[in-house]
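Participant: Below is a structure I'd like to ask you about.
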Amino acid sequence: MDFNKVKTYVCPVPAHPKQIEVIKKKIVSAGGTLVCHEKTDLSDYQACVDQCEIVVILICPETEAADYVAVIVYAGKTGKRVIGVWPEDQTAGAIPAAINREGDGVVTLEDLTKIMPEKETVWQLPDGKERPKQKTPRHKG
């Protein structure tokens, strides 16, 4: 991805500081700009989301917690792109419901820098393969 000066908020996950740092380094090395990079919790998440163009969130058990769901929902409502990132070496798992519903894509850590901020992103499974297309419910009315 050409993160050229794209403002990105990487949600802090205190239980996974090393993985969060790896994500941040990948974004910066691709030319991105981090907002709220010094934050270690979600206490000011709304201010952080307001400053960014993309919200990146590590997919882990914590992402199902109400605080992370609130970040994802708020980002979606404010028009920010939400990208989930599978942790390194994860080969199986389900996309968290909030990201599936409100997110703009899920990628492996390896493919994080291959997404384009202005285009539709890929929905990958943890093994890097593209997720099968989801059925869109029809509204009859």
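Participant: Please work out the C-alpha center-to-center distance from segment 4-26 to segment 60-74 and express it in whole Å.
Facilitator: 15
Participant: Another one. Could you give me the ³J(HN,Hα) list for segment 40-55, computed from phi with Karplus coefficients 6.51, -1.76, 1.60 and θ = phi - 60°, whole Hz, x at Gly and Pro?
Facilitator: 10, 8, 9, 4, 10, 4, 5, 5, 5, 5, 4, 8, 10, 10, 10, 10
Participant: Between exposed GluC sites (Glu not before Pro) in the chain, where DSSP calls loop and at most 10 other Cβ atoms lie within 10 Å, what's the longest gap? List each step's numbers first, then the result.
Facilitator: Details: sites that count: Glu38, Glu118, Glu120.
It runs 39-117.
Participant: List, in the order given, every pair from Lys5/Lys114; Lys80/Lys129; Lys25/Lys129; Lys18/Lys39; Lys24/Lys114; Lys18/Lys77 whose Cα-Cα distance in the structure shown is over 21 Å. Working shown, then result.
Facilitator: Working: Lys5/Lys114 15 Å; Lys80/Lys129 25 Å; Lys25/Lys129 24 Å; Lys18/Lys39 14 Å; Lys24/Lys114 15 Å; Lys18/Lys77 29 Å.
Violating the 21 Å Cα-Cα cut-off are Lys80/Lys129; Lys25/Lys129; Lys18/Lys77.
Participant: Here's another thing I want to ask about it. Explain nothing, just compute: Karplus ³J(HN,Hα) = 6.51 cos²θ - 1.76 cosθ + 1.60, θ = phi - 60°, for every residue of segment 20-27 in order, whole Hz, x for Gly and Pro.
Facilitator: 3J(HN,Hα) across segment 20-27, in whole Hz: 5, 5, 5, 4, 4, 5, 4, 5.
Participant: With a 4.7 Å Cβ cut-off, tell me which Cys residues in the chain come up empty for a partner.
Facilitator: Isolated Cys, the chain: Cys11, Cys52, Cys60.
Participant: Here is a further query. Would you mind computing Rg(Cα) / (2.2 N^0.38 Å) for the chain, counting N as its residues? Present the calculation step by step, with values, prior to reporting the outcome.
Facilitator: On the way: Rg = 14.3 Å, N = 141, 2.2 N^0.38 = 14.4 Å.
Normalised by 2.2 N^0.38 Å, the Cα Rg of the chain equals 0.99.
Participant: Now for a separate question. Taking the Cα centre of the chain as origin, sum charge times position over the Cβ atoms of Lys and Arg (+1) and Asp and Glu (-1), and report the length of that vector in debye to the nearest 20.
Facilitator: On the way: 19 positive and 20 negative charges, 122 e Å.
In debye, rounded to 20, the chain gives about 580.
Participant: List the residues, sorted by chain then number, that are 5 or more residues from Trp123 or on another chain and whose placed amide H is less than 5 Å from its amide H.
Facilitator: Residues meeting the amide H criterion: Val106, Arg131.
Participant: Which FRET efficiency, nearest 0.05, do Glu88 and Asp41 yield, Cβ-Cβ r, R0 35 Å?
Facilitator: Details: r = 23 Å, r/R0 = 0.65.
Computed FRET efficiency for Glu88 and Asp41 comes out at 0.95.
Participant: Please list His37, His16 in order of solvent-accessible area, largest first, computed with a 1.4 Å probe with all protein chains present. Provide the component values of the computation, followed by the final result.
Facilitator: Working: His37 105, His16 45 Å².
Largest to smallest exposure gives the sequence His37, His16.
Participant: While we're on this one: Please compute the length gained on full extension between Asp67 and Thr113, using 0.36 nm multiplied by the number of residues separating them and subtracting their Cα-Cα distance.
Facilitator: Details: separation 46, 0.36 × 46 = 16.56 nm, distance 2.62 nm.
Difference between extended and current length: 13.9 nm.
Participant: Residues with amide H under 5 Å of Thr33's amide H, sequence separation 5 or more or different chain, H placed in the peptide plane at 1.01 Å from N; which?
Facilitator: Lys5, Val6, Lys7, Thr8
The values are calculated or read from the model by the stated rules, or taken from the named source; none is laboratory data. All values reported here derive from a predicted model rather than from experimental measurement. Ideal geometry is used to build each Cβ from the backbone, glycine not excepted, and the neighbour counts take in all protein chains shown. Accessible surface is based on the protein model in full, side chains and every heavy atom, while ligands, DNA and RNA are left aside. Shrake-Rupley method; radii C 1.70, N 1.55, O 1.52, S 1.80 Å.
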